[in-house]
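The values are calculated or read from the model by the stated rules, or taken from the named source; none is laboratory data. No experiment lies behind these values; they were computed from the predicted model shown. Here the Cβ is made from the backbone with ideal geometry for all residues, glycine too, and neighbour counts use every protein chain on show.
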Amino acid sequence: MRILVSVLLLSAAVLPCSAQTILKSEPLMLAPYEVALVQTAFCPSGRVLKVTGAIRGVSRKRACVALPSETASLATATP
């Protein structure tokens, strides 16, 4: 019973935090495997640039992805 209650409390805390902010410019530093979404002219309309951080000596992965409107919130963020 304690496990069920703790899982419910944890899921209630995680759900509001699941939205990803879309940045206006790519961050200079990203932790390995951390993901940042960036609104750039590089990607076509309706898509955002998904940047994935990498370990030292390896290039970051960049890809244009479509994003459902409820997944991300458009916000002004400074790098």
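Scanning the range 51-72 for residues that are within 10 Å of L37 (Cα to Cα) and at pLDDT below 90 yields a count of 2.
In the range 17-44, how many are among the hydroxyl-bearing types (S, T, Y) and either at pLDDT below 90 or touching a strand residue (DSSP E or B) at 6+ places or on another chain (Cβ under 6 Å) (or both)?
So the first thing to find is which residues in the range 17-44 are among the hydroxyl-bearing types (S, T, Y), and the list is 18, 21, 25, 33, 40.
Imposing the further condition that a residue be either at pLDDT below 90 or touching a strand residue (DSSP E or B) at 6+ places or on another chain (Cβ under 6 Å) (or both) reduces the set to 18, 21, 40.
Here the count works out to 3.
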